[in-house]
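Here's the structure, in structure tokens; my notes come after.
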Ligand code: CA
């Protein structure tokens, strides 16, 4: 047995034909708790659930910086923001950098990127690309290819599904392929397909138990944000004017029902289009040798803590859904609680393709986890950093932190890099500490509790160790 390659690595080493195809389906801002396979109480996603039924569900897959552009860069490069240079929404990914698609191309894979790219510069490493400009729009969107721009009539999610199937049908069938299919949905402003405009009409969507969170003892993450359901959702988000005199808890409950329904309507189209791809793989007998992944660039607050959006290091924002199916490798209906990161995706794909990880990639392959085993280097603690302070829209203070299986420590330090503006939280810096065993919802900041001081001191040491390990600099 070839040492260090793992099941799929051995398969790959045996010959080109057996290397798995990889279809990476990623949506934008789709929280795990809006997927029925993850126990959603608010919607059903029958097609995404097919991946859970036939494969493995990761419960603790996390992003390293919970915002669109940086997460995409981390996935492609296998590097943290401070290494790949994409810290915020405003940064460009340098096309000259190495990425997972370039590596797979070198390994003989045919590569394609379809949908939301959001990294400013044109994609590199892809034989074919057809992307939305920037965020793109939901209705009658324009797409860009190497040949230029073209506007299409129709709904964005369905068009991305069409282009994905078109590419699969027309691909070079002599080569394994790596296809990234990136949906724009369900990103704000949550505009559903016309056919789902009335889905959930007359239905009351259950509220999260902490929709009316008062953020007691959490000054930084409460006073500094502009992402509160009700107070900060706009007419563009909700599509209707706020009734006169509506405020406080009543406003929050009213706005929650409106935004969450549109969010879930957008999810429904994503689910449909995941189903179209899976149906195609079944019909073409490709399913057996194709790794299919469903994930999202980060999580999202679904009214949790009274928020929409992401950015913060709290669980709902930090967690990415991650479902993977590769018959013969993933065990149907299996679940893993091991912690993995978005920077680990690229090394995992390379291992599955039998290609060595380039030195600059910081992530660790979790191919063993997909195969139902334990990773060679399990992550006992993960490092997170959000850099985009004071962006004018959300006012989330920059912060970094460490999460273990049991605890989370977050340090809000204020203003990094050259971000400018008048807003400066008066509470900076501030620490938050959560006991995740007792407090899954992160409702009680126990940073000052005497009984936890020993654990907190150890976590500070671990935080410093992780920063050094990944080459980041403390604030
Ligand atoms: Ca996103």
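FYI, it's all coordinate maths here, none of it is from the lab. Predicted model only: the values in this text are computed from it and were never measured. Note that we place each Cβ from the backbone using ideal geometry, even for glycine, and neighbour counts take in every protein chain shown.
Note down the relative contact order for the chain as a percent, whole number, built from C-alpha pairs under 8 angstrom at least six residues apart. With pairs under 8 Å counted, the relative contact order is 23 percent. The separation of the range 88-146 from the range 258-293, counted between C-alpha centres, amounts to 20 Å. Sorting 306-315, 240-249 by average packing, meaning the other beta carbons within 10 Å per residue, from highest down gives 306-315, 240-249. Using the rule -39500 (n - 2.57) for each DSSP H run of four or more residues, divided by the residues of the chain, the 222 nm mean residue ellipticity is -8500 deg cm²/dmol. Modelled label positions at residue 212 and residue 59, each set 7 Å beyond Cα in the direction of Cβ, lie 3.0 nm from each other. Measuring between their Cα centroids, the range 359-400 and the range 431-473 lie 16 Å from each other. Put in line by how crowded their Cβ is, counting other Cβ atoms within 10 Å and starting with the fewest, 338, 201, 209, 271 read 201, 209, 338, 271. If r is the Cβ-Cβ distance from residue 439 to residue 285 and R0 is 35 Å, what FRET efficiency results, to the nearest 0.05? Efficiency computed from Cβ-Cβ geometry: 0.15.
Take the Cα of residue 448, go 7 Å toward its beta carbon, and the backbone nitrogen atoms of the range 199-227 under 19 Å from that spot belong to 214-224. Here the range 189-205 is scanned for amide nitrogen atoms under 16 Å from the site 7 Å beyond the Cα of residue 246 along Cα-to-Cβ, giving 201-205. Residues 295, 45, arranged from fewest to most other Cβ atoms within 10 angstrom of their Cβ, appear as 295, 45.
A simple spin-label model places pseudo-atoms 7 Å from Cα toward Cβ; at residue 334 and residue 142 they are separated by 4.6 nm. Sorting 373-384, 66-77, 227-238 by their mean Cβ neighbour count within 10 Å, with the most densely packed peptide first, gives 66-77, 227-238, 373-384.
Bridges between two residues of the chain, per DSSP, are antiparallel at a rate of about 55%.
A Förster distance of 35 Å, applied to the separation of the beta-carbon atoms of residue 135 and residue 257, puts the FRET efficiency at 0.90. Over the chain, the fraction of Cα-Cα pairs per 10 Å bin, rounded to whole percents and listed from the shortest bin up, is 4, 21, 32, 27, 13, 3, 0, 0.
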